[in-house]
Amino acid sequence: MIDELTKEIEETRRSLVHELEGAQSPETLAALKERYLGRKKGRVSLLLARLRDCAAAERPRAGQAVNELKAFVEEALAAAQDRSAAAPGEWRDPSLPPSRLPAGGEHLIAAIQRRIEDIFLQLGYEIARGPEVELEDYNFTKLNIPAHHPARDEQDTFFLEGHDEMVLRTHTSPIQVRYMLEHKPPLKIISPGKAFRKDDPDATHSPCFHQVEALLVDRGVRFSHLKGTLEAFCRSFYGPDIVLRFRPGYFPFTEPSAEVDISCFLCFPPAGSRAHGQSASSPAGPEAAGSRAHGQSSSSPAGPAAAGAASGADPSCRVCKGSGWLEILGSGMVHPQVLRYCGIDPEEYSGFALGMGIERVAMVKYGVPDLRLLYENDLRLLGQFG
Amino acid sequence: MKINVEYLKRFVACGLEDGRLRELLAGLGLGTEEVLQVGGETVLDLETTPNRPDWLSHYGIAREIAAKDPRLRFVPMDLAAVDLGAPGSGFAIHIEDPADCLRYSGCIVRDLAVRESPPEVQKLLVSLGLRPINDIVDVSNLVMMTCGQPLHIFDLETLRGGQVRVRRARPGEALRLLDERDVKLDNGHLLIADGERPLALAGIMGGLDSGITPATRHVFIESACFDPVVIRLGARSLGLKTDASYRFERGMDAEATLPALRMALLLLARSQGRALKPSFFQDAYPRPQSRPVIRLEKDFPARLTGMAIPEAEAAAVLQRLGFRLRDDGAAWQVAPPSHRVDAECREDLVEEIARVLGYDRLGGEMPLTANPVLRVDEARPRLQRLKARLTAAGFQEVINYVFQSPEENRLAGPEERPLALKNPLGRDFSVMKNSLLSGLLRNTAANANQGFERVALFEIGNAFADEDGRVVERRRLALSAYGQEQRPDWRLAGREFDLAWLKTELAALARLLRLELAFRAAAHPLFRPGACFRVDCGQRPCGWCGEVAEAASGFHKLERPAFAAELDLEALLANGGEPRFQAWNRFPAARRDFTFLMARARTFQELEDAIGRLRPAALESYELTDVYQGTGVPAGQVSFSLSFTYRAAERTLTGEEVNEAHREFTGRLAAQLGLIQR
Ligand SMILES: [Zn+2]
């Protein structure tokens, strides 16, 4: 036992001498001190602890040897410390770089979804969820898309083996159906989540994608409320100068329906158009506070430049390709048939619904050029947005 | 839908240059997909919507333009002079079921000489993407492109029995189509037949036998209106999609058959260079169709939209669109024109009014609806904290498809029958995933191959199962770690990931969420035997963690060990309960270390179980301070150091009491587990 201990004492001594060579910085010396004299795991302390295991007769001699070692270590370290402090060109470099700790991050799609949710939560909406494998009835029929209707062609659908009545939901709208069936108006929800369409993946299509939809049903809800809400959302999300353009559109579950474009946040509208847009339809303006029935006329802030490039847009803009406008969402007044199917009387209530694709936002707002990149989960992409 | 702008302007003299025209159409809801220049003429490829079959013709677009601008007028071809003749005899049209065929108008024209169409007709068809064939076939296409009504023209001499019948196919009947495909038919297919055999797939495609050939002399021209669903199902079942079926499945105008027939005669007369009079004509219209009248309160358009819409303006717009209005005091009774098969309710009329007046009249205002539920979502902030913790620990979030290959499902559930897609995009995406981990391992391999040394990932998503015929989806959190935990630098030592790191992270996550996690040795096909733990959350199993099994890491060609966990997210998001104040123990604690050798065959969990059984009342806590297997430790043994903290609730323990309790406790531990005290 004692022989083994003596050997280890010698080894410890040698290794300290070795490690002290070239050790100059206070940090290194402090680390050495901890390694040798640390109270619990210092090499000397461990040796001291092992004295207990020595036979009683050997213990004094062994104890002396370890104590000598301890004195030697203390002296050697103190001397090194003195040398270090006295050294004429004392080397300390506070500008040494910080260590790089590993960093993870949120997936871009999740981050966008969270931001959109945050805005609607602040506008007083509740988040509703529903299953991804959905009843065909909720995904289509209750949304006024009857079986054999050509509108079903636009949403190529995945079906499940052995579950004839189920589909992978093609949009998050069935969440709204479920919510309407279970709750009485007023309703104010958003329904974020995954949706699926049988599209081969390419730059602008993905068989799996994400949507956020909003639904508001109450007495006296009108089209202008939809626009005001979208203005509030888009100005929070895309920038305070954004103006909207509504174009007639078609969705089986809304009537009237509108495709919504926003002015390009990079190049359009030109300075000055904001005041115009605000006066036309300020969501916070005094006219919004009272529930003025109708007659809020306004001209489109950007003019009815529905097809051609908006004057003032940058023809070389990489975001809008020079048109000045970005297609970002679909919306409309909830179709009375949908309300009826969901147990709500359309004579008493009306509502609006809007929906946007999160992948589309990733492309438009964050410049991701190809949807497939979002599902490859390459850290070179994800790390840019985490 | 391709629209030749020159041709369009024959029916509405709008004088707009192309850009302005596109703007006007976009304002009406007709986006331009593409602008083509064909033979010096502008062709717009318009994006139409499934609810507006009337847009699928030059007439339809001309009507829209005329409605938008009160100064313009829609001027269709003048067909007044075309004489269809009186219903004749010697030939007959039979509709077996009026539900399948709403109307069937037809006529026979004799003594034609098949020739090329006039150059301007050929040029027009080419500009619209159609191939000119001969004047007879071209006329049927031109009529369809002009007014939207699909026609079919038969070679009369191939028709037997002096009749056409609109009937369902009998099982086993077959037909060779114009594109020379042979199709087998059943009762779901609607046919045009003669007295003996099928001639054509009604509303979809003609048959080869009865088609126009250069030798054709006499023709039978069909102008009909079929049921949309029958046409759609028939076309789908055969994988066919033609210009005719596309229109019929959207619903055609039953009133359009006769004008289309007249137009065909007029155009055919032009190419044949002589007046034509049918030798036979019949209009089979068993149940005349009428559109429902819609009641529209006069203030409703403004009420639903919030737009300023004077009543007179609303009425004028509807009238320009061809709706007939009867004033009923507070409301109008509105009769849609026959071609507006989409107009069914008052909201449809509001869209018409708003659309034609222009959506740019719409202002924005905030709804005053308060959040009626006022139920605060507690899970969401917990989810955010969970994600923040994971990302701070260096996990990157990923999102994968919900479907994967059956082989991947088998890695997690070798015996499970997978929930399979009927129509997957391919074998690799053919089953709904039963675990998120295969996706993470796939992502791990891809990133490791890119040269990333550290790949720590997490995903939140659903795992699916078929439980007794019911589809069950559960939200899960999955984590994986592969490679280097910490890259060495001037002040930090490099470290590889190991299972203890992953368990440490899970424990930290649990502490943050105020949950009690426990790891129990278990077995799961995804994890290596002996390095697999069931994770219990508040005593209930909520998932698994461990070192990834050879089967799974080999499947994804991972060369180094991977560590992973998959947990039920709802269990993590459930509120772990609120803390309550507890007075802390004011008496001093005493620590005693215990270093011993334990046989390698034993596990730390066994030791912990024994501590749980034997712990003295004064033992407050313990921690593992060292594990050592180097020099001085005999083979087959591992050296452990535990530090025990003793404290009594009501008094200060004496050193002797602590020593005594410690000695007795560690003695019993050692005896039970065969530990060798050092
Ligand atoms: Zn731009």
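The values are calculated or read from the model by the stated rules, or taken from the named source; none is laboratory data. Keep in mind that this is a model prediction, so the values were computed, not measured. Note: ideal-geometry Cβ built from the backbone for every residue, glycine included; neighbour counts use all protein chains shown. For accessibility, only protein heavy atoms count, side chains too; no ligands or nucleic acids. Shrake-Rupley method; radii C 1.70, N 1.55, O 1.52, S 1.80 Å.
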Between B:Arg615 and B:Gln677, 0.36 nm times their residue separation minus their Cα-Cα distance comes to what? 20.5 nm
FRET efficiency for B:Ala99 and A:Thr141 from the Cβ-Cβ distance with R0 = 22 Å, rounded to 0.05, comes out at 0.55
Put +1 on the Cβ of each Lys and Arg and -1 on the Cβ of each Asp and Glu in the stretch A:67-137; which of A:Ile112, A:Leu96, A:Ala79 then has its Cα farthest toward the positive end of the dipole? A:Ala79
Over the stretch B:294-413: Rg over Rh, Cα atoms, Kirkwood Rh: 1.34
Where a ≥ b ≥ c are the square roots of the eigenvalues of the C-alpha gyration tensor, would you call the stretch B:2-68 rounded, which needs a/c under 1.5, or, failing that, prolate if a/b is larger than b/c, or oblate? rounded
Relative contact order for chain B using alpha-carbon pairs under 8 Å, separation at least 6, rounded to a whole percent? 9
Which whole number gives the average count of other chain Cβ atoms within 10 Å of the Cβ atoms across peptide B:399-407? 4
Any idea what the relative contact order of the stretch A:330-386 is, in percent, if you count C-alpha pairs under 8 Å spaced at least 6 apart? 27
Answer in debye to the nearest 20: the dipole magnitude of chain B about its Cα centre, from +1 Lys/Arg and -1 Asp/Glu charges placed on Cβ, is 860
Measure off, as a whole percent, the carbon and sulfur share of the 1.4 Å-probe accessible area of the stretch B:92-284, all protein chains present. 49
Proximal charge balance of B:Lys557 [Cβ under 15 Å; K/R count +1, D/E count -1]: -2
Using a Förster radius of 51 Å, what is the FRET efficiency between B:Arg389 and B:Arg651 based on their Cβ-Cβ separation? Nearest 0.05, please. 0.80
In the neighborhood of B:Arg20, defined by Cβ-to-Cβ distances under 12 Å, what is the net charge if each Lys or Arg adds +1 and each Asp or Glu adds -1? -2
Just order B:412-421, B:77-86 by mean Cβ neighbour count inside 10 Å, highest at the front, would you? B:412-421, B:77-86
A:Lys40 accessible area, assembled protein chains, probe 1.4 Å, Å²: 120
Shielding of B:248-259 by partners, i.e. mean partner chain Cβ atoms within 10 Å per residue? 1
So for the stretch A:121-246, averaging the separation of alpha carbon pairs under 8 Å that are six or more residues apart and normalising by length, what relative contact order in percent results? 23
What's the extension gain from A:His148 to A:Glu165 if we count 0.36 nm per residue and subtract their Cα-Cα distance? 4.6 nm
Please label the shape of the stretch B:1-127 as rounded, prolate or oblate, based on the square roots a ≥ b ≥ c of the eigenvalues of the alpha-carbon gyration tensor (a/c under 1.5 means rounded; beyond that, a/b larger than b/c means prolate, else oblate). prolate
Am I reading the A/B interface right? What is its buried accessible area, both sides, 1.4 Å probe, to the nearest 100 Å²? 8700
Quote the accessible area belonging to B:Lys2 in square angstrom, nearest 10, computed with a 1.4 Å probe and with ligands, DNA and RNA left uncounted. 60
Before I look further, what does chain B give for accessible area per residue, probe 1.4 Å, in whole square angstrom? 44
For chain A, calculated [θ]222 nm from helices alone, where every DSSP H run of n ≥ 4 adds -39500 (n - 2.57): -11500 deg cm²/dmol
Extension gain B:Lys557-B:Asp498, at 0.36 nm per residue separation less the Cα-Cα distance, in nm? 19.4 nm
First check a/c for the stretch A:7-115, with a ≥ b ≥ c the square roots of the eigenvalues of its C-alpha gyration tensor; if it is under 1.5, answer rounded, and if not, answer prolate when a/b is larger than b/c or oblate otherwise. oblate
Considering only the protein assembly as shown, percent of DSSP beta bridges that pair antiparallel, nearest 5: 95
Relative to chain B, whose Cα atoms define the longest principal axis, helix B:135-147 and its Cα axis are tilted in degrees, nearest 10, by 60
Sorting A:Ile189, A:Ile127 by accessible area (1.4 Å probe), largest first, what list results? A:Ile127, A:Ile189
What 222 nm value per residue comes from the helices of chain B, counting each DSSP H run with n ≥ 4 as -39,500 (n - 2.57) and dividing by all residues, nearest 500 deg cm²/dmol? -9000 deg cm²/dmol
Can you tell me the 0 to 90 degree angle between the C-alpha axis of helix A:108-122 and the longest principal axis of chain A, rounded to 10? 60
Quick query: amide H of A:Glu126 versus all other amide H atoms, modeled in the peptide plane; which residues come in under 5 Å with a sequence gap of 5 or more or a different chain? A:Lys188, A:Ile189, A:Ile190
If pairing requires two Cys Cβ atoms under 4.7 Å apart, which cysteines of the protein assembly as shown are left without a partner? A:Cys54, A:Cys208, A:Cys234, A:Cys342, B:Cys14, B:Cys101, B:Cys107, B:Cys147, B:Cys225, B:Cys345, B:Cys532, B:Cys545
Put a dot 7 Å past each Cα toward the Cβ at B:Arg540 and B:Glu660; how far apart are the dots in nm? 4.6
Roughly what angle does helix A:26-37 make with the longest principal axis of chain A, taking Cα atoms, 0 to 90 degrees, to the nearest 10? 60
What does the charge add up to near B:Leu425, with Lys and Arg as +1, Asp and Glu as -1, over the other residues with Cβ less than 11 Å from its Cβ? -1
For A:Arg197, B:Arg663, what's the largest-to-smallest order of accessible area, 1.4 Å probe? B:Arg663, A:Arg197
